[in-house]
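Derivation of every value follows stated rules applied to the coordinates shown; laboratory data play no part. These numbers were taken from a predicted model, which means no experiment stands behind them. A quick note on method: Cβ atoms are made from the backbone with ideal geometry, for glycine too, and the neighbour counts reach across all protein chains shown.
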Amino acid sequence: MRIVDVKTPGSGEVHRNRFELLAGLRPQDAAKFVLVDESDYRWAAEIIRTHALAGRTEVLLSPVHGRLDPKELVGWMLRDRVPARLNLQLHKYVWHPDARRV
């Protein structure tokens, strides 16, 4: 299983994306987007559409913990019928968001 972490504009790292990796994703793989705001969400929805990710790989949308309310993201996903799953950053809920493993 491979997970491609697609950097959104809100991450400040969008220039690091290697979009050619999306073409090789299989049904057991996933494309993951961590979203800061609705602008990131709209950008991700466009990438999902233009790279035809739905139906050939799992698509995960994650809200940045403490910045984007998961309920708000779910509302956009339902409103727009985006073919993706909500993915919470569980480690941020299990451990304090600032915690680092030694």
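Quick notes on this one:
- Out of 79, 42, 67, sole residue that is assigned to a helix (DSSP H, G or I) and within 15 Å of the chain's Cα centre (by Cα): 42
- The residues on offer are 53, 73, 61, 90, and the sole one that is surrounded by 13 or more Cβ atoms within 10 Å (Cβ to Cβ), over 22 Å from residue 18 (Cα atoms) and out of contact with any Cys (no Cβ under 9 Å at 6 or more places or on another chain) is 73.
- Within the range 1-50, the set of residues being surrounded by 14 or more Cβ atoms within 10 Å (Cβ to Cβ) and among the hydroxyl-bearing types (Ser, Thr, Tyr) comprises 8, 11, 41.
- Output for the range 8-33, where each listed residue is in contact (Cβ under 8 Å) with a residue 24 or more places away in the chain, assigned to a loop (DSSP other than H, G, I, E, B) and within 14 Å of the chain's Cα centre (by Cα): 8, 29
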